[in-house]
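One structure below.
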Amino acid sequence: MSNPVGRPARIRGMGIRLVLAVIAVSLVGGASTARADNPVLNGDVGIGDAFTITLNDGAGNKVTHLDAGSYTLNLRDHSAFHNFHFSGPGVDVTTSVDGIENKTFTVTLTDGTYFFDCDPHSSQMKGSFTVGTVTTPPPPTPAPAATKLAASIAAGSKATLKPLAGLSAGKAVITVRDASSSDGFRLSGPGVSKATGAKFRGTVKWTVTLVAGRYSFGSARNSKLRKTFTVSG
């Protein structure tokens, strides 16, 4: 009879090697699957014939920035008078304008900016996103809101302009109420010369750009009845 000494150790060794081999095969197979599956991008245009165009990722989020690489691009054209045109570095694909269709493309995106639009209506149906090292620029700083002023002139040439305190250079919208039928309201200063007619009665609105300096307002006919104010830079 053979000696069984050492057999349990050999069996344990074979079992460990078998488990490691299974793990290795699983890891290799998982990596191969990950490389084969491209992230999905879904483009939709003209749903219900509306003037809308969108590009979302597989989770339904709006695309604003992507990593460089290969993607599966699904274009879904829902309208017979819109199309989905996708373009950028190395890519230029589209659906037809006069057809309703779905198209799928495999696209390779590189560093840069990509665009999508509807060719017949590109001024209002469009979008873009960046890829790789190119980042989306911050939105432009909104222009400061126009200062709103109220002016008036009544019978007897009494004129008002409010508010005058703390005026700074910039755009201003002035609503003028002229209740005098024998005078007019006048505003003048650096870059501004506005007046209502002597016989005018009613309301007008002026949009002006004020700069640093001294301005005057009041009677259009009598300079002695005018007042002054200062605009800071």
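The values are calculated or read from the model by the stated rules, or taken from the named source; none is laboratory data. Note that the structure is predicted; figures quoted are calculated from it, not measured. Glycine gets a Cβ as well: all are built from the backbone with ideal geometry, and neighbour counts include every protein chain shown. Just the protein is used for accessible areas: all its heavy atoms, side chains included, with ligands, DNA and RNA removed. Shrake-Rupley method; radii C 1.70, N 1.55, O 1.52, S 1.80 Å.
Things worth noting here:
- The listed residues 152, 128, once ranked by accessible area (1.4 Å probe) with the largest placed first, stand as 128, 152.
- Positive minus negative residues near residue 115 (Lys, Arg vs Asp, Glu; Cβ under 14 Å): -2
- Two-decimal Rg/Rh across the range 47-124, once Rg and the Kirkwood Rh are taken from alpha-carbon atoms: 0.94
- Between 206, 143, 157, the Cα set farthest toward the positive side of the dipole of the range 125-212 (charges on each charged residue's Cβ, about the Cα centre) is that of 157.
- Applying the Karplus relation 6.51 cos²θ - 1.76 cosθ + 1.60 with θ = phi - 60° to the range 110-117 yields 3J(HN,Hα) values of 10, 3, x, 10, 10, 10, 9, 7 Hz, where x marks Gly and Pro.
- Three principal axis lengths of the range 35-177 [C-alpha, angstrom, descending]: 84, 37, 25
- Spin-label model, residue 101/residue 145: points 7 Å from Cα along the beta carbon direction are separated by 5.0 nm.
- Under 5 Å from the amide H of residue 226 lie the amide H atoms of 219, each residue being 5 or more positions distant or on a separate chain, with H modelled from the backbone and absent for Pro and chain starts.
- All Cα-Cα distances of the range 112-215, cut into 10 Å bins from zero to the largest, leave 13, 30, 18, 12, 16, 9, 2, 0 percent in each bin in turn.
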